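We did not get these values from a lab; they are worked out from the coordinates using the rules stated. Since the structure is predicted, the reported quantities are computational estimates derived from the model, not experimental observations. Don't worry about glycine lacking a Cβ; one is built from the backbone with ideal geometry, like all the others, and counts go over all protein chains shown.
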Amino acid sequence: MTDVFHSRGERDSLRFVTRGASSHVYALSGDEVVKLFRPGVSDEMIEREAQASRRAAELGMAAVAPVRAVIMEGARGLVYPRVKGATLLMAMRRQPWRSGAIIDAMARLQVRMHEAPATGGLRRLKDVLRTDIVHGPASKAVKDAALARLETMPDGCQLLHGDFHIENIMMDGRDLKVIDWSKAALGDPAADMARTEMLMRFGDGPEDPLTALSRDWAARRWRATYLRESGMDGRQVGSWRALVAIAWLRARKPVRQRAFHAYLDGALREAGLAG
């Protein structure tokens, strides 16, 4: 059920917490926050975030699930329990000497998420990748080769977060909670790992040389810990890397462009998809 608030200035009376690409977050009275989505966000995306986070919580994952939907002055929103602590990014900025341990904890958390029982009822990652490849900017030859390869890849039935990075994980002491499940899908954990690798290295953020070195270090540390803890063969991740990167071209922000395209070219050659 959706609670509707019509009073003028309702949003103005709330305390602003943070903003993201698709929403603003405000503190409510008590131990709750409301995530109000921008007008361009689809109802489907909002429903997917609510459904996926609830499913993740049911599967025993460290997910924060909404307690109800609301409409405030025409803005659609989801009300969540307030999560104590800070994002992993903020935690590392406050205590940089703990960065290695924090990245290791992130990797172990993702391993546990990927070990959760298979499930259903959500969109398939391969369908998402297919759509993004078709509508993305890659050449026709690369698209055709990528789509043909995608058909041969494992389907998988694991719940994948799809946007697993240091600003979507909250840390309170040793307790970690994962937020923002709007990009969730069902699929092969190796594909989700490839996506996280790219987000850590080439996602939105500063582009100065020192930050770039830090991001690349963090991605290497996370990858090594994930592979060690999960027992996954790194070649499984490599098999998805080119496909996930081509699909990401459709919507990624132009961050570290030269480094990302070098990464993409290497992934295409590794997959035998280079023209």
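Greater than 20 Å separation of Cα atoms is the criterion. Which listed pairs, Lys84/Lys183; Lys35/Lys183; Lys35/Lys177; Lys183/Lys253; Lys143/Lys183; Lys84/Lys177, meet it? Intermediate results must be reported in sequence, preceding the final value.
Working: Lys84/Lys183 23 Å; Lys35/Lys183 16 Å; Lys35/Lys177 16 Å; Lys183/Lys253 16 Å; Lys143/Lys183 22 Å; Lys84/Lys177 9 Å.
From the list (Lys84/Lys183; Lys35/Lys183; Lys35/Lys177; Lys183/Lys253; Lys143/Lys183; Lys84/Lys177), the Cα-Cα distance tops 20 Å for Lys84/Lys183; Lys143/Lys183.
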Expected unfolding gain across Arg98-Arg235 under the 0.36 nm per residue rule, minus the alpha-carbon gap, is 46.4 nm
Sorted by Cβ neighbour density within 10 Å, fewest at the top, the residues Thr18, Thr119, Thr87: Thr18, Thr119, Thr87
Once fully extended, how much extra length lies between Leu59 and Met45, figured as 0.36 nm per residue of separation less the alpha-carbon to alpha-carbon distance? 3.0 nm
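Can you tell me which of 162-171, 88-97 comes out highest on packing, and rank the rest after it, using the mean Cβ neighbours within 10 Å?
Details: 162-171: 21.9, 88-97: 14.3.
By packing density, highest mean first, the sequence is 162-171, 88-97.
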Taking every alpha carbon pair in region 2-81 and sorting the distances into 5 angstrom bins from 0 up to the bin holding the longest one, the percent per bin comes out as 3, 15, 25, 28, 18, 8, 3, 1
Run through every distinct alpha carbon pair of the chain and return the Kirkwood hydrodynamic radius in angstroms, one decimal place. 19.7
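With an 8 Å cut-off on Cα pairs and a minimum separation of 6 or more residues, tell me the relative contact order of region 2-81 in percent.
RCO, region 2-81: 34 percent.
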Residue by residue through region 73-86, the couplings from Karplus 6.51 cos²θ - 1.76 cosθ + 1.60 with θ = phi - 60°, in Hz, x for Gly and Pro, are 6, x, 8, 7, x, 10, 9, 10, x, 6, 9, 6, x, 9
